[in-house]
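Working notes, structure below.
The numbers here are math on the coordinates, done by the rules we state, and not lab data. Owing to the predicted nature of the structure, the values given are computational and were not obtained by experimental measurement. Here the Cβ positions follow ideal geometry from the backbone for every residue, glycine too, while neighbour counts run over all protein chains shown.
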Amino acid sequence: MSYQTYTTEAMVCGSYANNTADKSFLLFTKRAGMIYATARSVREERSRQRYALQDFSLVSVSLVHGKSGWRIGSVEARGNIFSIATTRSERGSIVRLVKMLRRFVQGEEPHPELYEEFLHSLDYLSIIPDTERPTLEKLLMVRLLYLLGYIAPPAEIKLLLEHSLESLDILTIKSQINSIERLLENAQTVSHL
């Protein structure tokens with residue numbers, strides 16, 4: 001019996017050791033949502049996949065859905081967002097966005113629009129100044145939660161969520177920061193996660 005192979009873009013959101021040389025990875029994929037996939041012998045020194053499958057790596061991955069879940073076939077590295085980050089605060093923002101994603105995205109449901117917005121948010125984090133980072137990081141989190149359906153924003157905040165990041169004015173965002181923080185807190189309490 002042969003299994004179908006799915007090739008998709010993904011971000012490695014986490015991993016844990018399995019057996020002696022195997023490892024399981026939490027992948028946020030464009031076509032399948034958030035999935036756990038296992039790679040065999042990836043922890044061995046001779047493995048070619050070990051460098052591509054590091055936390056925060058962007059990869060093109062071939063997946064096979066078998067009896068015991070998803071298996072990783074081949075992997076092509078596209079880059080590692082964490083290692084490219086130039087400042088400590090930028091790396092911290094990346095970690096917080098990925099943690100939020102791990103918390104709120106559940107199951108194998110495709111979210112192509114969320115995947116694109118998430119990658120765009122990570123790119124945007126690399127160009128913003130450290131002084132504006134906390135404010136814009138909260139806005140990015142609210143934008144992702146809005147796409148997931150955890151937030152029903154008022155009209156003045158909805159404009160910030162539906163326009164492109166580059167077109168937004170930092171003063172407008174700062175004027176709405178209290179509303180943005182309340183939306184974040186509300187999403188966390190409503191989700192029960």
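HN-Hα J couplings of segment 35-43 from phi, Karplus 6.51/-1.76/1.60, θ = phi - 60°, integer Hz, Gly and Pro as x?
With coefficients 6.51, -1.76 and 1.60, one gets 9, 9, 9, 9, 10, 8, 6, 6, 8 Hz.
Under a straight-distance cross-link criterion of Cα-Cα below 29 Å, which lysines are reachable from K23, leaving out those fewer than 8 residues away in the same chain?
Leaving aside lysines fewer than 8 places away in the same chain, those within reach of K23 are K67, K99.
Across bins of 10 angstrom width beginning at 0, how are the C-alpha pair distances of segment 62-112 distributed, in whole percent?
Binned Cα distances yield the sequence 19, 32, 39, 10, 1.
So how long is each side of segment 5-81 along the principal axes, counting just the alpha-carbon atoms, biggest first, in Å?
Each principal axis gives a Cα extent; for segment 5-81 these are 32, 30, 18 Å.
Note the full-extension length gain between E113 and S83 as 0.36 nm times their separation in residues minus their Cα-Cα distance, in nm to one decimal.
Stretched out fully, the E113 to S83 stretch lengthens by 8.3 nm.
What is the extension gain from L148 to Y124, computed as 0.36 nm multiplied by their sequence separation minus the C-alpha to C-alpha distance, in nm to one decimal?
6.7 nm
Mean shadow of the chain, computed from the convex hull of its alpha carbons, in nm²?
The directionally averaged projection comes out at 12.1 nm².
With r defined as the distance between the Cβ atoms of V95 and Q4 and R0 fixed at 35 Å, what FRET efficiency is calculated, to the nearest 0.05?
For R0 = 35 Å, the calculated efficiency reads 0.55.
Cα axis of helix 177-191 to longest principal axis of the chain: angle in degrees, 0 to 90, nearest 10?
Result, in degrees: 40.
Can you give me the long-range amide H partners of N80? Hydrogens built in the peptide plane at 1.01 Å from N, cutoff under 5 Å, separation of 5 or more residues or another chain.
Answer set, sorted by chain and number: L58.
Skipping prolines and chain starts, which residues have an amide H placed within reach, meaning under 5 Å, of the one on L63, given they are 5 or more residues away or on another chain?
Placed amide hydrogens put Y6, T7, T8, G73 under 5 Å from L63.
Where does the longest stretch of the chain lie that holds no GluC sites (Glu not before Pro) found in a DSSP loop with 16 or fewer other Cβ atoms within 10 Å?
Between exposed loop sites, the widest span is 46-107.
Against the longest alpha carbon principal axis of the chain, how many degrees, from 0 to 90 and to the nearest 10, is the axis of helix 112-125 turned?
Result, in degrees: 70.
Tabulate in residue order the Karplus-calculated ³J(HN,Hα) for segment 136-146, using 6.51 cos²θ - 1.76 cosθ + 1.60 with θ = phi - 60°, rounded to whole Hz; enter x for Gly and Pro.
5, 4, 5, 4, 4, 5, 5, 4, 5, 5, 5
Projected area of segment 85-190, taken from the Cα convex hull and averaged over every viewing direction, in nm²?
Result: 6.5 nm².
How far apart, in nm, are two points set 7 Å out from the Cα along the Cα-to-Cβ line at D55 and at R103?
Between D55 and R103, the label points sit 1.6 nm apart.
All other residues with a Cβ under 11 Å from the Cβ of A52 taken together, and with Lys, Arg as +1 and Asp, Glu as -1, what is their net charge?
+2
Can you work out the FRET efficiency for the pair R40 and E166, with r the C-beta to C-beta distance and R0 = 45 Å, to the nearest 0.05?
About 0.60, to the nearest 0.05.
Taking only Cα atoms, what is the 0 to 90° angle, nearest 10, from helix 88-104's long axis to the longest principal axis of the chain?
80 degrees
If you count the DSSP beta bridges with both ends in the chain, what percent of them are antiparallel, to the nearest 5?
95 percent
Please build a GNM for the chain, connecting alpha carbons under 10 Å apart, and tell me which residue among M141, M100, M11 fluctuates the most.
M100
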